[in-house]
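Down below is the structure, laid out as structure tokens.
All of the numbers you see were taken from the coordinates with simple rules; none came from a lab. On a predicted model such as this, the values are computed, not experimentally measured, just so you know. Note that each Cβ is placed from the backbone with ideal geometry, even for glycine, and that neighbours are counted across all protein chains shown.
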Amino acid sequence: MPADAVRADTRPEFAATCAAAIRDAFSDYDARFDAITRRARHRFETRDWGAAREDALERIELYDRCVAEISLELEQRLGDHAQDRPLWSAVRDHYAALIADLLDQELYKTFFNTLTRRFFKTRGVAADIEFVALDIEPTDRITHPVARHSYAVSGDLAATVERVLAGYPFAVAHADARGDAARVAQTLTARLADWGEAGIVAIELLDTVFYRERRAYLVGRVFGREHYAPCVIALVNDGAGLRVDAVLSARQHVAVLFGYTHSYFHADLATVGDAVVFLRTLLPGKPVDEIYTVLGRAKQGKTERYRHFFGYLSAHPDQKLIQADGERGMVMAVFTLPGNPLVFKLIRDKFAYPKNIAREQVQEKYRLVFRHDRVGRLIDAQEYRFLRFPRAQFAQVLLDELRRECRESVSEDGEDIVVHHCYVERRLRPLNLYVKEVGEDAALAAVLDYGQAIKDLARSNIFPGDLLLKNFGVTRNGRAIFYDYDELCLVTECRFRPLPEPKNDEEEMHHGAWYYVADNDVFPEQFPRFLGLTPPQRDALLQVHGEIFDVHWWQDLQKNLHAGGFTDVPPYPESLRL
């Protein structure tokens, strides 16, 4: 029936038809998501890393593609009624009934909200046509246990670990399963020695294997008489067969593996919510939004991040949104709520000299990071539109800055401030502040990890552009992370040059560069001059990571990348590798 012919007596039937179409559209998205995810096993077994990266990009882009498909279908169905709010409210109610018994109904609700926001260009929340639940944890009602393997340990832990490895068959054989099992058992026994003589009495791992980049992970936990700990076994396929590369049993290492600085896992989960519940038992301090996101459910992660933040904001009306700590950025204005671990980054209307970049180029940098292998050194930035904040909760100095410098991104609507576009990230302590606030040993460790971060990024074909310490942050685990993307580019796009030798005294004494510098020219020898390190920190950085200041290191790396080379960047410390 054409939409313009909808009558009052047929309206419920029409709303039910539209609701079913939206449910089927999400089910189709979910099936296509799962089909891409299931390829990960074959990519790992055949060591087809290029295809694995293409799969990751295809899966990231799938959500918007499926939303566009059902949007077009609904436009044709609804016709003149596309903006009929009472009809959409009825569609929502029918949709809620259709998904009421589904374990992952929250994912369906987020999909529905995405549609309504695109049809109505919603600013803030539209309670009459959306699903709104700021005060309900999406996993609280889930009691369904996720599928898992359980192994009782009776005496010989190595023999049990060998059974564990055999319980996850691949098309590629283990190079030395018995030896790997012995090494895993020895490592776990040593790390958990304080559990007493009984030691490990059981091992429990999810049925699903987690894949990312060049590794497969068996994820679960180990139990003692009175304790339990995470247990993640990392497998690699190096051409000679499978082998265990590492075993993680400390929460801090598992938290980094499942963290907001890594790309998303490909894990063929029958349902998602129960897996989130299980992972939260391993990582009780990790926000639920980050777990959804790292499982590849980025839209649900955005929904949960929004829900948690605005729930906190409304519960703390006396807290003021303020400018984030750190040097004032030339491209981005950044604000935060002191009691919440997020920052909001808005693109300024104009950029101060010497920034030579347009707003669209900044947005493209963030899109690049969203689609790139982040190798644990790039923070995941989620893009939001039309967020509504109470104006009374802005500190006056921040509000003045936004009104003055971010008019393209901010407007006022009654008693609210509407942020038209921003990026939301986890708040990190700026590295330039951190090294001045902590003791010498902690500061030196952060500086050395900063050098490692530059290497890790470079090997994944990312050049930060601006290597100043203020553009890096430090996580709770002491890791240096790059978060300022306006000058980021691919290593393969740069021209790494040695500093030209001056030809005469006039050139040598010239203030500034006396030689031509193109936009993509990079002079690694100059890096140490501008970092603001103490002499001991600078000397240690040069001793441990001196390659990053050598033009030949960059040129050789660039040649390798152009030739299709790929350098492995493990998501855990070298000390944990077996």
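Find which of GLY239, VAL161, GLY199 sits farthest along the positive direction of the dipole of region 156-251, computed with +1 on the beta-carbon of Lys and Arg, -1 on that of Asp and Glu, about the Cα centre.
GLY239
Are there any trypsin sites (Lys or Arg not before Pro) in region 192-269 that are in a DSSP loop and have at most 16 other Cβ atoms within 10 Å? List them by number.
ARG225
Could you pull out every residue, at least 5 positions away or on a different chain, whose amide H is within less than 5 Å of the one on PHE496? Hs are placed 1.01 Å off N in the peptide plane, and Pro or chain starts have none.
For PHE496, the qualifying residues are VAL522.
Just how large is the dipole of region 148-308 about the Cα centre, in debye to the nearest 20, putting +1 at every Lys and Arg Cβ and -1 at every Asp and Glu Cβ?
540 debye
Along the Cα→Cβ direction, 7 angstrom out, place labels at PHE527 and ASP539. What is the inter-label distance in nm?
2.1 nm
Need one word for region 526-578: rounded, prolate or oblate. Basis is the Cα gyration tensor (sqrt eigenvalues a ≥ b ≥ c); a/c below 1.5 gives rounded, then a/b vs b/c decides.
The shape class here is oblate.
Counting Lys and Arg as +1 and Asp and Glu as -1, each charge on the Cβ, what is the dipole of region 3-120 about the Cα centre in debye, to the nearest 20?
The dipole magnitude comes to about 300 debye.
So for region 316-427, taking the charge dipole from beta-carbon charges (+1 Lys/Arg, -1 Asp/Glu), which of HIS372, PHE394, TYR384 sits furthest toward the positive end?
With unit charges placed on the Cβ atoms, the residue in question is HIS372.
Which of the helices in the chain, when you take each full DSSP H run, stretch at least 27 Å along the axis at their Cα atoms and have an average Kyte-Doolittle score of 0.0 or higher?
The answer, listed by residue number, is 440-459.
Just the number, please: percent antiparallel of the DSSP beta bridges in region 167-292, rounded to the nearest 5.
Within region 167-292, antiparallel bridges account for around 95 percent of the total.
Please list, or write none, the aspartates and glutamates whose alpha carbon is within less than 13 Å of the alpha carbon of LYS559, excluding same-chain residues fewer than 8 places away.
Leaving aside aspartates and glutamates fewer than 8 places away in the same chain, those within reach of LYS559 are GLU493.
Once the mean 1/r over all distinct Cα pairs of region 3-120 is inverted, what Kirkwood radius in angstroms do you read off?
Result for region 3-120, one decimal place: 15.7 Å.
In nm, to one decimal, how far is the GLN186 label point from the ALA395 one, both placed 7 Å along Cα→Cβ?
Placing both labels 7 Å along Cα→Cβ, they lie 5.4 nm apart.
Tell me which residues come under 5 Å, amide H to amide H, from PHE394 once H is placed; ignore anything under 5 positions away on its chain.
Result for PHE394 returns LEU321.
Please give the length that would be gained between GLU408 and ARG163 if that part of the chain were fully extended, namely 0.36 nm times their separation in residues minus their C-alpha to C-alpha distance (nm, one decimal).
82.2 nm
What residue among THR46, ILE36, LEU115 has its Cα farthest toward the positive end of the dipole of region 3-120, where the charges are +1 on Lys, Arg and -1 on Asp, Glu, each on the Cβ?
With unit charges placed on the Cβ atoms, the residue in question is THR46.
Calculate, for HIS149 and ASP416, the FRET efficiency according to 1/(1 + (r/R0)^6) with r their C-beta to C-beta distance and R0 51 Å; round to the nearest 0.05.
Once rounded, the FRET efficiency stands at 0.50.
With 34 Å as the cut-off, how large is the P(r) tail for the chain, expressed as percent of Cα-Cα pairs?
48 percent
Please provide three numbers in whole Å: the alpha-carbon extents of region 148-308 along the principal axes, with the largest listed first.
That works out to 48, 40, 25 Å along the principal axes.
Of all DSSP beta bridges in the chain, what percent run antiparallel (nearest 5)?
90 percent
Using a cut-off of 12 Å between beta-carbons, work out the net charge of the residues near HIS545 (Lys and Arg +1, Asp and Glu -1, HIS545 not included).
-3
With a cut-off of at most 11 other beta carbons within 10 Å, and DSSP calling the residue loop, which trypsin sites (Lys or Arg not before Pro) in region 337-406 qualify? Please list them.
Those satisfying the criteria are LYS350.
Obtain the nm distance between the two label points defined at SER314 and ALA126 by a simple spin-label model: each point lies 7 Å from its Cα along the Cα-to-C-beta direction.
Placing both labels 7 Å beyond Cα along the Cβ direction yields 1.9 nm.
Any chance you could run the full-extension gain for LYS559 through ARG85? It's 0.36 nm times the residue separation minus the Cα-Cα distance, nm to one decimal.
Extending this stretch completely gives an extra 164.9 nm.
Given 0.36 nm per residue, what is the gain on full extension from ASN477 to GLU437 after removing their alpha carbon distance, in nm?
Additional length available on full extension: 12.8 nm.
Whole Å is fine, so just give me how far the alpha carbon centre of region 290-333 lies from that of region 532-561.
34 Å
Taking 8 Å as the Cα distance limit and 6 or more residues as the minimum spacing, I'd like the relative contact order of the chain as a percentage.
Contact order relative to length: 11 percent.
Using the alpha-carbon centroid of each, what span in Å lies between region 80-108 and region 474-495?
41 Å
So, with +1 on the Cβ of K and R and -1 on the Cβ of D and E, and no other charges, what is the size of the charge dipole of the chain about its Cα centre, to the nearest 20 debye?
520 debye
Given the Cα atoms of region 430-576, and with Rh set as the inverse mean 1/r over their pairs in the Kirkwood sense, what is Rg to Rh to two decimals?
Ratio value, two decimals: 0.98.
Mark the label point 7 Å from the Cα of ASP568 along Cα→Cβ and return the residues of region 229-260 whose backbone N is within less than 12 Å of it.
Correct set: 234-246.
Region 46-198: percent of C-alpha pairs farther apart than 19 Å?
72 percent
Normalise the Cα radius of gyration of region 324-477 by 2.2 N^0.38 Å (N = residues in it) and let me know the number.
Cα Rg divided by the expected 2.2 N^0.38 Å: 1.11.
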